[in-house]
Amino acid sequence: MSINKPYQAYQNNAVNTASGGDLTLMLYNGCIKFIKQAMKDMDNGKIEAKNTNIQKAQNIIQELMATLDPKVEISQQFMPLYDYILHQLKEGNIKNDTAFLEEALRYVTEFRDTWKQVIKQTRQSQYAQGARV
């Protein structure tokens, strides 16, 4: 157990010092990890582990939904997409069908990749503005 403590400390520090954008990226990455693991669990007949990992992915999507600002127009467009991802995760879990999980994974991966680009462009813009001052 003591071997994991430095890693846990690193993870806690990373979360505690991350910007809002970085935290969102971490959520997307975690969701992707749990969906992929659930797919492996499903393929290996590990039903309980599959269920646990799908629930973790669902919890992340629900957290992303909770952080949406309803006053911002893009949030209104994201909500139905997050609902769809939750539906796909639920159906994949109930029907033991990886096709549903693959669909959810495609959406989450696309969101994650887009979010990475937003963070990159924002940082480049901030750096450029800082260089001008």
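The values are calculated or read from the model by the stated rules, or taken from the named source; none is laboratory data. Computed from a prediction, not measured in an experiment: that's the story for all the values here. Reconstructed Cβ throughout: ideal geometry from the backbone, glycine too, with neighbour counts over all protein chains shown.
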- Neighbours by Cβ (under 7 Å, 6+ apart or cross-chain): first from segment 74-94, surrounded by 14 or more Cβ atoms within 10 Å (Cβ to Cβ) and modelled with pLDDT of 95 or more; second acidic (D, E) and in a helix (DSSP H, G or I): Q88/E103
- Message: Give me the residue from segment 64-73 that is exposed (fewer than 15 other Cβ atoms within 10 Å of the Cβ) and part of a helix (DSSP H, G or I) and, out of that set, farthest from the chain's Cα centre (by Cα).
- Response: E73
- Item | Check on E110, under 12 Å from the mean Cα position of the chain (by Cα), more than 19 Å from S19 (Cβ to Cβ) and without any contact (Cβ under 8 Å) to a residue 60 or more places away in the chain | yes
- Message: Any residue at all in segment 119-131 that's exposed (fewer than 15 other Cβ atoms within 10 Å of the Cβ), at pLDDT 95 or above and closer than 21 Å to N29 by Cβ?
- Response: no
- Task: Could you please let me know if R106 is among the basic types (K, R), surrounded by 12 or more Cβ atoms within 10 Å (Cβ to Cβ), at pLDDT 95 or above and in contact with a Phe, Trp or Tyr (Cβ under 8 Å, 6 or more places away or on another chain)?
- Result: no
- When D113 is evaluated against the numbered criteria (1) exposed (fewer than 12 other Cβ atoms within 10 Å of the Cβ); (2) more than 16 Å from K33 (Cβ to Cβ); (3) of a type outside the set (F, W, Y), which criterion, by number, is the only one it fails? (2)
- Item | segment 37-56 residues that are closer than 15 Å to Q88 by Cβ and modelled with pLDDT of 95 or more, paired with ones that are of a type in the set (S, T, Y) and surrounded by 16 or more Cβ atoms within 10 Å (Cβ to Cβ) (beta carbon under 9 Å, 6 or more apart) | A38/T98; M39/T98; M42/T98
